[in-house]
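This report refers to the structure that appears directly beneath it.
None of the figures in this text is laboratory data; all of them are computed from the coordinates on show. Not measured: the values here are computed from a predicted model. Virtual Cβ from ideal backbone geometry, glycine too; neighbours counted across all protein chains shown.
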Amino acid sequence: MTVTEFEKLFSKTIQEHLPEASLEIREKRGTIFEAKVWLDEETFIEVYFNSLTERKNYTLVRHQQRVMGYDNYQFWHRHPFGEAQKHIPCNEPAFEEVIAEMREVVKLKD
């Protein structure tokens with residue numbers, strides 16, 4: 001997947017699942033895409049994608065701390081809600097599933 005393809009998927013998914021969110025694309029280079037999806041002033045989803053290495057990272061952050069996340073550093077794993085320091089092996093999740101799960105976690109916390 002290219003950075004442009006990832007950005008299109010990212011933008012479409014955010015518009016569908018989190019239309020009230022504020023997008024902040026921090027960096028878009030030829031091979032790297034980084035963005036924040038602001039859900040409120042203390043909560044955001046941080047997204048990282050490197051098209052050369054296929055490295056992906058999706059992190060839900062609230063009050064400057066990781067609440068949960070998914071990434072493929074060394075292997076695909078998740079950092080579950082409530083135990084974000086853990087690394088639980090998993091298959092690569094669809095981006096839409098990650099965003100939907102994070103949206104639900106934010107609803108629980110409110």
Compute the separation of the alpha-carbon centres of the stretch 1-42 and the stretch 59-86 and state it in Å as a whole number. 18 Å
What are the ³J(HN,Hα) values, in whole Hz, obtained from phi via the Karplus relation 6.51 cos²θ - 1.76 cosθ + 1.60 with θ = phi - 60°, for each residue of the stretch 42-59 in sequence order, with x given for Gly and Pro? 10, 10, 8, 9, 9, 10, 9, 9, 10, 6, 6, 9, 6, 6, 9, 8, 10, 10
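For the chain, what is the Kirkwood estimate of the hydrodynamic radius, computed as the reciprocal of the mean inverse distance between distinct Cα atoms, to one decimal in Å? Kindly include the intermediate steps, with their values, before the conclusion.
Numbers: mean 1/r = 0.0712 Å⁻¹.
So the Kirkwood estimate lands at 14.0 Å.
Which of the chymotrypsin sites (Phe, Trp or Tyr not before Pro) found in the chain are loop residues per DSSP with 13 or fewer other Cβ atoms within 10 Å of their Cβ? Before the final figure, lay out each step's value.
Working: sites: 6, 10, 33, 38, 44, 48, 49, 58, 70, 73, 75, 76, 81, 95; in loops: 73, 75, 76, 81.
Of the chymotrypsin sites (Phe, Trp or Tyr not before Pro), the ones in loops of the chain whose Cβ has at most 13 other Cβ atoms within 10 Å are 73, 75.
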How much length would be gained if the chain were fully extended between residue 92 and residue 41, taking 0.36 nm per residue of separation minus their Cα-Cα distance, in nm to one decimal? 15.4 nm
Taking H as built 1.01 Å from N, whose amide H comes closer than 5 Å to the amide H of residue 67, not counting residues under 5 places away? 60, 61, 62
Which GluC sites (Glu not before Pro) does the chain hold that lie in a coil by DSSP with at most 15 other beta carbons within 10 Å? 20, 41, 42, 54, 83
Which ordering of 25, 45, 88 is given by a fewest-first count of other beta-carbon atoms within 10 Å? 88, 25, 45
